[in-house]
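Here is the structure we will look at, set down as structure tokens.
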Amino acid sequence: MNATVYLLLRLGVAASMFGHGLVRLPKLNGFSSWMVSSFEKSMLPAALVTPFSYFVPIAEFVVGLLLLAGLFTRFAAIAGALVMVALIFGSCMVENWDWIPSQLIHVAFFAVLVQYVSSNAWAVDNLVKK
């Protein structure tokens, strides 16, 4: 894969993740309350949803930040994909099928980033290797 194409894909998914985390972190308690209330009628217990609701914005922010810098790119892409898989499962549990296409698109982008990580020419990862 062309290094410029890889960079654009990496930055695109990074901006999405970073942006999601960035806007949610200042209102973390409100986001958590919203998520917990969204899952009240699901089979998932609040004891599981509550910690996850605090984890998601932090994970989005960190994954996005790492991908923006191109630092630990492979790890960040795998972590981001796993967060999305968990969100897809959650979307299924509340039967919100409208959220799933966006989450699947993120998983696809993360998979491409993992598959073609050797094309990650413009990244902090390359400075760390030296």
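Every number in this text was worked out from the coordinates using simple rules, so none of it is lab data. Just so we're clear, the structure is a prediction, and the values are computed from it rather than from any experiment. Ideal geometry is used to build each Cβ from the backbone, glycine not excepted, and the neighbour counts take in all protein chains shown.
Taking the chain as a Gaussian network, where each spring joins two C-alpha atoms under 10 Å apart, which residue of V62, V112, V83 fluctuates the most? Maximum among the listed residues: V112. The C-alpha atoms of the chain define a longest principal axis, and helix 28-38 lies at about 60 degrees to it. Taking the Kirkwood radius as Rh and the Cα radius of gyration as Rg, the chain has a ratio of Rg/Rh equal to 1.02. Projected label points at I100 and A47, each 7 Å from Cα along the beta carbon direction, are separated by 2.9 nanometres. Of the Cα atoms belonging to segment 57-127, the radius of gyration and Dmax stand at 13.1, 44 Å. Computed packing ranks the peptides 85-91, 11-17 as 11-17, 85-91, most packed first, by mean other Cβ atoms within 10 Å.
Here the dipole of segment 3-120 is about 240 debye; that uses its Cα centre as origin and unit charges on the Cβ of Lys and Arg (positive) and Asp and Glu (negative). Projected label points at L8 and R74, each 7 Å from Cα along the beta carbon direction, are separated by 2.6 nanometres.
One decimal place: the segment V85-S38 gains 15.1 nm when fully extended, by the rule 0.36 nm per residue minus the C-alpha distance. What angle, in degrees between 0 and 90 and rounded to the nearest 10, separates the Cα long axis of helix 100-115 from the longest principal axis of the Cα atoms of the chain? Helix 100-115 and the main axis of the chain meet at about 30 degrees. Think of the chain as a dipole: +1 on every Lys or Arg Cβ, -1 on every Asp or Glu Cβ, centred on the Cα centre; then among M43, F72, V124, V124 lies furthest on the positive end. Helix 73-93 axis versus longest C-alpha principal axis of the chain: approximately 20°, rounded to the nearest ten.
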